[in-house]
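The values are calculated or read from the model by the stated rules, or taken from the named source; none is laboratory data. Predicted model only: the values in this text are computed from it and were never measured. Reconstructed Cβ throughout: ideal geometry from the backbone, glycine too, with neighbour counts over all protein chains shown.
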Amino acid sequence: MALTALPILIPFIFIIILILVRSTIWARRIAIFGTILLLLVSVGLFSEVTKRGILTLTMGGWKAPFGITLVIDYLSGLMLIVSAVIALAIALYSTKFIDYPHKSHRFYVFFFSLIMGLNGSFTTGDVFNLYVWFEVMLMSSFVLITLGSKKKQIEGGIKYLALNLIGSMLFLAGLGLLYGKTGTLNMAHLAKILIYDQQSIFMNTSAILFFIAFGIKAAVFPLFFWLPASYHTPNITISSLFAGLLTKVGVYALFRFFTLFFIQDQQFWHTIILVIAGFTMVFGGMAASIYYDTRRILSYHIISQIGYMVMGLGIFSPLALAGGIFFMMHNMIAKTNTFLVAGMMARLKGTFYLKDVGGLFKQDPLVAVLFIIPAFALAGIPPLSGFFAKFVLIKAGIEAEQWVITMVAVLTGMLTLYSMIKIWNEAFLKKAPEIPSEKRLPAKLSLMELLPSILLGLISIAMGLFAPQIFDFTFEAANQLINPINYIEGVLNN
Amino acid sequence: MNSTLLQIASKYVQWLLILVAVIALFRGHNYPGGGFIGGLLAGLAIVYRGFAFSMSEARKQLPLSPEIIIAIGLFFVVASFMPALFTGSPLMKGEWYKLQLGFTELKLGSPFIFDIGVFFTVIGVAISFVFSLNKKE
């Protein structure tokens, strides 16, 4: 179906339009329009997937193992919808929080190129094409980090770029090995070859290279260094955008690769994945608890939560995968929202440093409510989305008799709750310290500044209330991952 | 740099380079050449002028700003997807039309439009690199 390419084409067309637009006000309007359009298209494509099964499109009419195929299955469709929601929230948020002299309109060009890379990664069915989309994302995110041209941002940007390029190199090396061994890079074709191949244990050399490459992108322990080094430097809008979207592409790629064709030697891989998941959770949670800069706390939190998603992959039962996918969706929404609220707090107080802020609950109770929703969702308090995500993952862990990782997951919940309560106490409850401020700070925020966070908060609540319905979708996604026959047939025989 | 020889030469070499660039673009589909190489050559023509006189001189000679050239290039790229949509074939499928020109025939196709897009994008990117490297704070 030709419409399968729309999630890539729409951002591309908006890039062209936004290069030509010089006025910041119009750039903002166009960006909001573009993200709404993207959301509608994503929802439409997903409903097509639920009706007709996997959607495929062979680019240029070159049949499947030879050309590039775009594939949208349940997992891709869900990811497209969630990332479009986040894109919309960020586009709304940027109208108030992106403020570079003379070049605010530039932000939107690279915003859309990031979205294009992201949607490309979610829809492609070809390993090399995935590499290209990763590079598109890497370049546009590098530009976004350094857009403010401050010294700290350049430093963070260089660290980000250097460490991620190492990941890209390993990706390319693994890809070369894989092509040398199998002679194909089409994911479905790879799966078809490897499922019946008795010698596929030799795939481990490629698999480990891919695992490290995606591990760097997903920021799992011990490959996460680039994330805390760079995420606190750019404008908070850009941090929120990255927090919600970037690492999750790495997790998505891990889900795709390690369910579709790196499924030999399961004992070995799932043990490694579970060990890494456990360390990621604990380390991220502990590191978050020692910092006092909101953005740093939240950055380490991203790492901690990646552990849960990877845990779903490591347990590898339909329930665990469904939980992992649900967790990913919930986390993208809630994590972005906490960063948005951190930006609002900084706007009200002029700093991200928790010791210098306080009394926000009295000053603007609405911001406090908006913080509580994603914070409790992340900590897993019912009836918010995070509760169901963690509940299913832990249930899957118990069913699979993976006691250690289940315990770690439960205890990490405490760590998450601890650092959320720390932000709550320091920023909202504590009396404001008497620090004379040079800048005049607003007493309250306008509705337009709050709107994106309200939107995401409502979605977090709705995901909790309609969790059974959403689980129906994620279960279907997990089933498609566990039984890749439909995917393979869908791509190769379309 | 202020060399009279270079300045005089640049006036002719510049057009020669652009001619070569366009030839490279046209033969690109079946022979060595194509949008990327053509774009680099054409970008070089503009940069050459910049070296002989000054970058601001070269900038003035351009009718459009580098960003607009990039946008035009990207527009051609999108446009090259479109013919496939009207014939109902998959996106980006190469569609070819033959034009009878007297004794010879000219083959035109959507991959050529794509090449034109690459051509302009590469020109825009190349010269905007050189211009911003040459910028003094």
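With respect to the conditions (1) within 11 Å of chain A (Cβ to nearest Cβ); (2) crowded, with 21+ Cβ neighbours inside 10 Å; (3) touching a residue at least 60 places away in the same chain (Cβ under 8 Å), B:Ile46 lacks only one, and its number is (1).
Among the residues of region B:62-78, none qualifies, meaning not one is of a type in the set (D, E, K, R) and over 23 Å from A:Leu20 (Cβ atoms). Of the listed requirements (1) away from every other protein chain (no Cβ under 11 Å); (2) farther than 18 Å from B:Val78 by Cα, A:Pro11 misses just one: (2). Considering only residues in region A:14-61 that are within 14 Å of another protein chain (Cβ to nearest Cβ) and closer than 23 Å to A:Gln480 by Cβ, the one that is surrounded by the most Cβ atoms within 10 Å (Cβ to Cβ) turns out to be A:Thr56.
Note on region A:230-286: residues that are modelled with pLDDT under 90, under 17 Å from A:Met203 (Cα atoms) and either under 17 Å from the mean Cα position of the chain (by Cα) or crowded, with 24+ Cβ neighbours inside 10 Å (or both) total 2.
Of all residues in region B:53-79, those satisfying the criterion of being hydroxyl-bearing (Ser, Thr, Tyr) and away from every other protein chain (no Cβ under 12 Å) are B:Ser54, B:Ser56.
Does A:Leu172 satisfy the criteria of being assigned to a helix (DSSP H, G or I), crowded, with 18+ Cβ neighbours inside 10 Å, more than 21 Å from the chain's Cα centre (by Cα) and among the aliphatic types (A, V, I, L, M)? No.
Entry remark, region A:479-493: residues being surrounded by 17 or more Cβ atoms within 10 Å (Cβ to Cβ) and either among the polar types (S, T, N, Q) or on the phi > 0 side of the Ramachandran plot (or both) number 1 in total. Looking only at region B:80-94, residues that are part of a loop (DSSP other than H, G, I, E, B), crowded, with 17+ Cβ neighbours inside 10 Å and either more than 7 Å from every other protein chain (Cβ to nearest Cβ) or not hydrophobic (A, V, I, L, M, F, W, C) (or both) come to 3 in all.
A count restricted to region A:1-49 and to residues that are under 30 Å from A:Met187 (Cβ atoms) and over 23 Å from the mean Cα position of the chain (by Cα) stands at 6. For region A:108-125, taking the residues that are more than 16 Å from A:Pro7 (Cβ to Cβ) and touching a residue at least 60 places away in the same chain (Cβ under 8 Å), the one that is surrounded by the most Cβ atoms within 10 Å (Cβ to Cβ) is identified as A:Tyr108.
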